[in-house]
Amino acid sequence: MDCSNEKTWNGKGYSGFIQSDPVEGAPASEKTVVWVAYDNKAIYISARLYDSEPDKIIGLLGRRDEFVDSDWFIFSVDPYYDRRSGYQFAVNPAGSMVDWTIYNDEYSDSTWDGVWECKTRVDDKGWTVEIRIPFAQLRFKQKDHYVWGVNFRRYIKRKNERVGIVWIPKKDSGFVSHFARLVGMKDIKPGRHIEFLPYSVGKAAFGTKEEGNPFATGKDYFATGGLDLKVGLKSNLTLDLTVNPDFGQVEVDPAVINLSAAESYYSEKRPFFIEGSNIFVFGRGGTNRNIGANWGDPNFFYSRRIGRPPQGGVDTDGYVDYPDWSTILAAAKVTGKIGNGWNIGFISALTQREYAQIDLDNQRSREEVEPFSSYTVLRAQREFNEGRQGLGLISTGVLRDLRNPALKDTLNRNAFSFGVDGWTFLDKDKMWVVSGWFGATQVSGSKEAIWDLQHSYPHYFQRPDASHVSLDENATSMNGWAGRLILNKQKGNFVVNAALGAISPGFNSRDMGFQWSGDVINGHIMVAYRSFKPGKIFRNWNVHLFTQRNYDFGGHKIGEQRLIFIGSAQFLNYWSIYGQLSVNPERWSKDLTRGGPLTLLPPTTWGEFEIASDDRKPVVLSLYSYFSSSQSGSWEWSPSLGIRWKPGSNFNISLNPRYSTSHGVAQWVTAVDDEFMADTYGTRYIFAAIDQKIVSCSIRLNWIFTPKLSLQAYIQPFIAVGAYKGFKELARPRSFDFNRFGQGDSSISYSDVDELYTVDPDGPGAAPVFTFGNPDFNYKSLRGTVVLRWEYRPGSTLYAVWTQNRADYSYPGEFRLGRDLGNLFRAPGDDIFMIKFTYRLKI
């Protein structure tokens, strides 16, 4: 493709689009013609999209970056011409805009928001689109003459037809590596790109007034401002700097109930961190398929650690005003390419020292609950030989200025990590690839802090029957390593994926990253067959069969040892189905006792099923169901329904009601030291049966007035009830045997006044009586956000936000839907109103 001719717009353009769907390899059913031109500042795309039935063109309005069920025109470009990365710009007939970046040849990241322009028009021939993309929004190395990779695609929604100027067979892999060549561009001088984005925020919070509490007055007002600066250091390198940033997120996190030892994971929603975040993805290059199989890659960088809620506690009988999060003083980010093709990403952030305000008998004081901290992450990656090989590294550091003795005893002073990753294809057709990563961590702190770390999940160095870990009361640091090796066949109908990974007991990335597990060796083998040729019933289908095993570093089979079957298919009418069945034999658990001895888990079977309707229709339905059953007597059933209604071109609403009911026979309660319980090493590990019910419904509403003006609402009522009964203790290690309280010589009683259970474990014996609190719960939550977003000029936005949170905890252990919903909606709530104004200044 040549765009050097000044008479480009009068030329014949580029056509000859080929179908990917519904008939792979066939010519497009409707003609499309594309023209490309440029000047010193921007590249221009124009397209005439012919349609034999223009009245049936689907052009739904969507908010920015919402890929609605519509016709689309998509321009994809690889400015580096590295055959691995690029940008995509999508426009639909209503003028809705979506953009995203591409990495690893075929992965996409929609967090990037470029500043570009488009115009569309529907007429009796079909529709047209014009796109202007400033060169300053793209990253590329300046040259005298340019060769870029490009692709043009079109979606015709009513036919579910997808066509492109470049046809990529479904058996193949990759996306950017198949792009056509765009030649003829020269003398591009975009200049240095500098943007100022000042902002101001006004916030008013209204809640319940608490008599006597000087901090709970029922209202609070707040106003601030700051500045974001974006500087193009070169045409392929960008600096983002923010001073006094507004890192409050617009949408609230969903409510969850977590009864496990692991922490809950929440997605990042702050623009500074999510934009361009793909550069920090580690350990996933080269392959187009990354399968967990009861394995979770530890994250070396989890951006929500920066500005997290303070971690210190306050021990007082007075009133406390506790900060919601740690204030980020300033943050800087550099992303792009340097040297001979190195992709880099660098973030540095400082958070201020945070204090809780205390009022005790009208005397004010404050106590430090979060130290002054520095967070740094560096990511670099280079690809060789047109992406056939790759090599990368990541390094993170956390430094805390610990002055408060209480914080010094609980927080790590320093935490560092370093990792390398890479891949290599094994053949010239890029069919087989080996990828992998290896990393190490080191944390240091006081003896007390490291002692607590050794006892915490997922380390559990105190396990009494584990010979491969042990406590060190004098340790002031902890080190560990982790890594994984993956083999992937990623072309053809028949594909293979196998992996072997390990996380040592001392590996700890949680100061700057996120970690799902530790002390684990995991391996799996998966084979799959994919059919892309339409038949008499299915348009396409696939089946997967794989097995996996987990061991700890002591050689014990732990976790799920599974044999799994997965299948999915799309019918000729565009309905789809998915199913999975897993059989788990007997295995050990090192986490059930929260640092105690191994326990034996009986065999379990679980599965899930989903069916979804044709998404071209005004009403789109999906039905999902999960079930599990254990020989221990535990079971769970969790159905959910998805409803998406599109009554008009600018309005849609989705509802996702979910119900879950389960019975567990061994839910963790607590541990009690007792030297007379010699069978379990001097500790009683207390469990109970639990009956749990969860009812929730996520509701989303999108009302789009124009592509630049939209109203979105998110509401989630959530009820979770757990009733504990049949309290018992583990009878012996490496078993699933229990001593039930209230049987034999033991006794158990409950006091409604103190809400305490009292247990005498052996009656006339010498074992001491102990107590524990009632673990029953009835958690009711209503969270919602309404956001009015107006992009009044390119890159400048006005937000008006209303957020409400309310919760109720009455009637623990008792589930009655009508009563609980009534109590939830009558519960006092917190209302927050916020207006945020940003203005983009380009120099």
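Taking the charge dipole of the chain about its Cα centre, with +1 at Lys and Arg Cβ atoms and -1 at Asp and Glu Cβ atoms, the residue from Ser504, Gly95, Ser467 reaching farthest to the positive side is Gly95. Summary of the geometry: segment 316-365 and segment 718-733, compared by the centres of their Cα atoms, lie 38 Å apart.
In debye, nearest 20, what is the charge dipole magnitude of segment 671-714 about its Cα centre with +1 on Lys and Arg Cβ and -1 on Asp and Glu Cβ, if you could check?
About 780 debye.
Quick one: dipole size for segment 756-810, taken about the Cα centre, charges +1 on Lys/Arg Cβ and -1 on Asp/Glu Cβ, in debye to the nearest 20. Write out the running numbers ahead of the final one.
Numbers: 5 positive and 5 negative charges, 134 e Å.
So the magnitude is around 640 debye.
For Leu391, Leu402, the ranking by accessible surface with the largest value first comes to Leu391, Leu402, using a 1.4 Å probe.
Each of Phe532, Ser260, Gly822 was scored by the projection of its Cα onto the charge dipole of the chain, and the greatest displacement toward the positive side belongs to Phe532; charges sit on the C-beta of Lys, Arg, Asp and Glu. For segment 407-422, backbone phi angles converted through the Karplus equation (6.51, -1.76, 1.60; θ = phi - 60°) give residue-by-residue couplings of 5, 4, 7, 10, 10, 6, 6, 9, 8, 10, 9, 8, x, 10, 9, x Hz, Gly and Pro being listed as x. Along the axis of the charge dipole computed for segment 106-151 (Cβ charges of +1 for Lys and Arg, -1 for Asp and Glu, origin at the Cα centre), the listed residues Phe140, Val115, Val129 are led at the positive end by Phe140. Given a 1.4 Å probe and the protein chains as shown, Leu471 ends up with an accessible area of around 60 Å².
With θ taken as phi - 60° and the Karplus curve 6.51 cos²θ - 1.76 cosθ + 1.60 applied, the whole-hertz 3J(HN,Hα) list for segment 708-724 is 9, 10, 8, 10, 10, 9, 9, 9, 9, x, 8, 10, 10, 10, x, 10, 9 Hz, x standing for glycine and proline. Ligands, DNA and RNA excluded, the heavy atoms of Tyr529 present near 100 Å² of accessible surface to a 1.4 Å solvent probe.
Between the alpha-carbon centres of segment 38-59 and segment 460-485 there is a gap of 60 Å.
Note on surface exposure: Arg413, Arg484 rank Arg413, Arg484 by accessible area, highest first, 1.4 Å probe.
Could you calculate the FRET efficiency of Arg734 with Leu563 from 1/(1 + (r/R0)^6), where r is the beta carbon distance between them and R0 is 30 Å, rounded to 0.05? Please report the intermediate quantities before stating the final value.
Working: r = 23 Å, r/R0 = 0.78.
Result of the calculation: an efficiency of 0.80.
Taking amide H positions as modeled 1.01 Å from N, with prolines and chain starts lacking one, the residues under 5 Å from Asn508 and 5 or more places away or on another chain are Thr441, Gly480. Which residues in segment 494-535 place their backbone N less than 18 Å from a point set 7 Å from the Cα of Glu263 along the Cα-to-Cβ direction? Of the residues in segment 494-535, 506-519 have backbone N under 18 Å from the label point off Glu263.
Sorted by packing (mean other beta-carbon atoms within 10 Å per residue), highest first, where do 196-203, 673-680 land?
Details: 196-203: 16.5, 673-680: 14.6.
Result, highest mean Cβ count within 10 Å first: 196-203, 673-680.
Computed from phi, the 3J(HN,Hα) profile of segment 289-297 under the Karplus parametrisation 6.51, -1.76, 1.60 (θ = phi - 60°) reads 8, 10, 9, x, 6, 6, 9, x, 4 Hz, with x in place of Gly and Pro.
Listed by chain and number, the lysines whose C-alpha is less than 16 Å from the C-alpha of Lys209, apart from same-chain residues fewer than 8 away, are Lys219.
So, with a 1.4 angstrom probe, what is the percent of accessible area on segment 238-341 that is carbon and sulfur? Mind dumping the intermediate values first?
Values: 2130 of 4390 Å².
C and S fraction of accessible area: 48 percent.
Would you tally the net charge around Phe507, using a Cβ to Cβ cut-off of less than 14 Å, leaving Phe507 out, and scoring K and R as +1, D and E as -1? List each step's numbers first, then the result.
Numbers: positive: Arg484, Arg510; negative: Asp297, Asp511, Asp519, Asp552.
Summing Lys and Arg as +1 and Asp and Glu as -1 gives -2.
Peptides 642-652, 686-696, 205-215 ordered by packing proxy, namely the average of other Cβ atoms within 10 Å per residue, highest first: 686-696, 642-652, 205-215. Rounded to the nearest 20, the Cβ-based charge dipole of the chain about its Cα centre (Lys and Arg +1, Asp and Glu -1) stands at 4100 debye. Rounded to the nearest 10 square angstrom, Arg304 shows an accessible area of 50 square angstrom against a 1.4 Å probe.
Seen against the Cα atoms of the chain and their longest principal axis, helix 817-826 is set at about 80 degrees. Protection proxy ranking for 512-522, 358-368, 532-542, 57-67, using the average of other Cβ atoms within 10 Å per residue and placing the highest first: 512-522, 57-67, 532-542, 358-368.
Are there GluC sites (Glu not before Pro) in segment 729-803 that DSSP puts in a loop and that have at most 14 other Cβ atoms within 10 Å, and which ones?
Taking segment 729-803 and a limit of 14 other Cβ atoms within 10 Å, the loop GluC sites (Glu not before Pro) found are Glu755.
Note on surface exposure: Glu161, Glu268, Glu106 rank Glu106, Glu268, Glu161 by accessible area, highest first, 1.4 Å probe. In the chain, helices alone account for a calculated mean residue ellipticity at 222 nm of -1000 deg cm²/dmol, with every DSSP H run of four or more residues adding -39,500 (n - 2.57). Going through [x] 90, 64, 63; [y] 100, 65, 55; [z] 93, 75, 67, the figure that equals Cα extents along the principal axes in Å as computed for the structure here is [y].
The values are calculated or read from the model by the stated rules, or taken from the named source; none is laboratory data. This one's a predicted model, so the numbers in the text were calculated from it and none came from an experiment. Note that we place each Cβ from the backbone using ideal geometry, even for glycine, and neighbour counts take in every protein chain shown. Remember, those area values only see protein heavy atoms, side chains included, never the ligands or the DNA or RNA. Shrake-Rupley method; radii C 1.70, N 1.55, O 1.52, S 1.80 Å.
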